[in-house]
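Comments concern the structure below.
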Amino acid sequence: MTKLIDLTISPDASSIGDMEQEFLSTTMDWWPQSADGWGNSSVINADLQNPKLIEAAKNLSPFFLRIGGSQADTIIYNFPSAANVTDKDGISLACSEKPQHCLTEARWAEVLDFAEKCGARIVFTLAYLLHTRDIYGNNDQHDWVSTNARSLLEYTANSKHGQLGTV
């Protein structure tokens with residue numbers, strides 16, 4: 001049962017708090033194109049050049065664009081130009097086998113450009129993929145190998161977007 005209430009706000013009322021200007025947010029997840037209901041809305045394959053999508057996102061501005069979700073820990077960052085990348089062949093092989101789990105420099109540049117065009121700031125879930133677990137996913141040794149994540153951060157910091165504060 002719905003109960004109606006009357007509410008009047010006085011022009012003299014004071015606020016009890018403030019919200020960030022970017023309070024509104026939206027998420028782009030990593031779900032593969034074949035996942036039920038997701039179509040091609042993943043951060044890996046969404047058409048970030050689509051004028052309708054850009055215009056719709058601009059209407060949310062300013063907002064946070066969250067890149068993350070359930071699949072975030074399965075993502076490999078393929079940024080071979082980063083100075084600290086030591087296993088370029090292994091990363092390239094992994095990306096060729098599972099392209100839906102691979103964020104490339106070129107795609108990340110598109111995501112950053114999209115965010116800039118739309119007036120979004122990015123909030124990003126860093127992958128915890130490269131660490132020791134047994135074959136059942138148990139017994140995490142908390143020995144995260146951070147070089148893959150560092151390649152993403154290094155690339156971003158050295159890009160025009162790192163200087164603009166997009167991320």
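Read-outs: derived from the displayed coordinates by stated rules, not from any lab. Being a predicted model, the structure only gives us computed values, none of them experimental. Cβ placement follows ideal geometry from the backbone for every residue including glycine, while neighbour counts extend to all protein chains displayed.
Note the full-extension length gain between Glu116 and Asp47 as 0.36 nm times their separation in residues minus their Cα-Cα distance, in nm to one decimal. Please list the in-between numbers first.
Working: separation 69, 0.36 × 69 = 24.84 nm, distance 1.53 nm.
Using 0.36 nm per residue and subtracting the Cα-Cα distance, I get 23.3 nm.
Go through 19-28, 5-14 and give me the packing order, highest mean Cβ count within 10 Å leading. Working shown, then result.
On the way: 19-28: 12.6, 5-14: 5.1.
Going by the mean number of other Cβ atoms within 10 Å, highest first, we get 19-28, 5-14.
The modelled label-to-label distance between Ile54 and Thr2, using points 7 Å beyond Cα along the C-beta direction, is 4.0 nm.
The calculated FRET efficiency for Asp73 paired with Ile16, based on their beta-carbon distance and R0 = 30 Å, is about 0.20.
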